[in-house]
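One structure is given here, and the rest of the page talks about it.
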Amino acid sequence: MKNQIKHRILPFMVFLFLINQSIVLAQKVTDPKYAFIQNERLGRGINILSADPIWRDPLKARMNSDHFRLIKEAGFGNVRIAINPFGFALNQTDFTIDPTFFIALDWAIQQALNNKLMAIIDFHAHIAMQEKPLKKKAMFLAMWKQIGDRYKGFPSDVLFEICNEPNMDPAIWNEIHSEAYAILRKSNPSRTLLLGTINGNQILHLKDLILPENDKNIIVAIHYYSPIQFTHQGAPWSKKNKDLSGISWTNTKSAEEVIKKDFDLADAWSKKNMLPITLGEFGAYEKAEESSRIRWTDYVARQAEARNWSWSYWQFDSDFIVYDINKEEWVLPILGALIPKQYKPSR
Ligand code: GLC
């Protein structure tokens with residue numbers, strides 16, 4: 001008898017618990033501060049998979065499940081997964097995304113969740129988008145529809161970032177992101193969305209962003225690579241800076257003031273618009289001298305944290321690395337600049 005009661009009561013208790021959980025979640029989402037809570041949970045993070053062969057052939061992946069564990073154990077809270085589904089359209093009518101692409105993305109999201117890392121799905125097709133943004137719009141929207149539908153049942157730890165570095169006219173960007181927003185809000189009414197500014201997610205373009213109305217479940221994404229002559233010296237893809245070398249960065253008062261002033265501008269915008277900020281990318285390319293890279297990385301990360309922004313370092317593997325995947329070890333000076341308790345680099 002006792003057992004029978006147990007059997008009847010238990011499912012009912014589970015049912016009540018689930019209802020309670022969904023009420024808690026619904027309350028949270030309607031809380032105007034919800035995106036700030038999400039942003040705090042994002043905390044410190046790393047960009048991953050931008051150049052990994054996993055997308056074409058999962059068997060050739062450079063990242064494996066251990067790396068997600070290592071990222072978590074090092075003290076990070078988020079991974080920003082760079083996706084570029086443009087090369088995976090099976091046709092030019094409804095732009096169906098090749099299932100191979102989703103093998104990799106499903107895996108990466110699951111790895112993040114298994115390791116209690118929040119996952120930002122970052123649509124990283126800016127190079128293709130910037131050429132003829134309006135021509136690419138149909139494919140961009142059709143792909144977001146598929147991605148939104150696929151992950152709509154996923155936990156709130158998965159966030160969508162509409163477009164990395166939308167390098168286009170502000171009016172065109174405002175048109176494109178508002179259409180993507182409408183599509184995503186249909187399938188994902190309570191998912192936190194990230195929305196960035198034009199021309200490399202620049203702070204000075206925050207003023208050009210036309211925001212979705214009455215929606216506070218948005219985090220605004222900026223990037224920081226300034227001074228660009230320092231962070232991109234010797235970078236082959238950076239036309240103006242590829243031939244530069246020997247530029248250092250020291251914590252002089254005036255160098256710090258420049259960063260503080262830029263960040264204060266973004267912070268004032270954030271307060272005025274009541275939306276949180278994430279610093280979705282920052283880093284200094286390997287050609288710059290190491291001690292300068294450490295000083296700059298540490299200073300930028302701490303300044304972001306002083307303003308309660310979340311951040312994602314550019315990037316885990318490939319270039320600007322914080323993890324040497326060939327040697328299977330952290331690049332300790334950079335890791336220590338990002339997460340000071342891990343390592344004390346000499347500055
Ligand atoms: C850019 C891009 C990324 C690039 C990096 C360094 O802003 O988002 O694809 O590799 O920053 O230049």
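Mind checking which pairs have a first residue in segment 274-298 that is farther than 24 Å from VAL79 by Cα and a second that is of a type in the set (Phe, Trp, Tyr) and assigned to a helix (DSSP H, G or I), Cβ under 9 Å, 6 or more apart or different chains?
MET274/PHE36; ALA288/PHE230; ALA288/TRP296; SER292/PHE230
Give just the number: which of (1) over 18 Å from LYS135 (Cα atoms); (2) away from the ligand (no atom under 15 Å from the Cβ); (3) in contact with a helix residue (DSSP H, G or I) (Cβ under 6 Å, 6 or more places away or on another chain) does ILE203 not satisfy?
(2)
With the requirement that a residue be buried (at least 18 other Cβ atoms within 10 Å of the Cβ), in contact with a Gly (Cβ under 7 Å, 6 or more places away or on another chain) and in a helix (DSSP H, G or I), what does segment 184-215 give you?
Across segment 184-215, the qualifying residues are LEU184, ASN201.
Hey, could you check segment 71-86 for residues that are open to solvent by 40 Å² or more (accessible area, probe 1.4 Å) and in contact (Cβ under 8 Å) with a residue 24 or more places away in the chain and say which is nearest to GLY336 (Cα to Cα)?
The selected residue is LYS72.
Out of ILE97, ILE103, ILE109, ILE127, which single residue is free of Cβ contacts under 8 Å to residues at least 24 places away in the same chain and among the β-branched types (Val, Ile, Thr)?
Every option except ILE127 fails the conditions.
Checking PHE95 against (1) on the phi < 0 side of the Ramachandran plot; (2) open to solvent by less than 50 Å² (accessible area, probe 1.4 Å), only one condition comes out false. Which one?
Result: PHE95 passes all but (1).
State which residue is modelled with the lowest pLDDT when the search covers only segment 173-220 and only residues that are at positive phi and of a type outside the set (Gly, Ala, Ser).
ASN214
Among the helices (runs of 4 or more DSSP H) contained in segment 90-158, which hold 3 or more residues that are among the basic types (Lys, Arg) and in the same structural domain as GLU281 (by TED's automatic domain parsing)?
Per the criteria, 133-150.
Quick check on my filter: what residues within segment 291-347 are within 16 Å of the ligand (Cβ to nearest atom), in a loop (DSSP other than H, G, I, E, B) and open to solvent by less than 10 Å² (accessible area, probe 1.4 Å)?
Within segment 291-347, GLN315, PHE316, PHE320, VAL322 meet the criteria.
For segment 177-197, name all the residues that are within 17 Å of the chain's Cα centre (by Cα) and of a type in the set (Lys, Arg).
ARG191 - this is the single residue of segment 177-197 that is within 17 Å of the chain's Cα centre (by Cα) and of a type in the set (Lys, Arg).
The values are calculated or read from the model by the stated rules, or taken from the named source; none is laboratory data. Fair warning: this is a prediction, and the values are worked out from it, not measured in the lab. FYI the Cβ positions are ideal-geometry reconstructions off the backbone, even for glycines, and counts take in every protein chain you see. Keep in mind that these areas ignore ligands, DNA and RNA; they rest on the heavy atoms of the full protein, side chains included. Shrake-Rupley method; radii C 1.70, N 1.55, O 1.52, S 1.80 Å.
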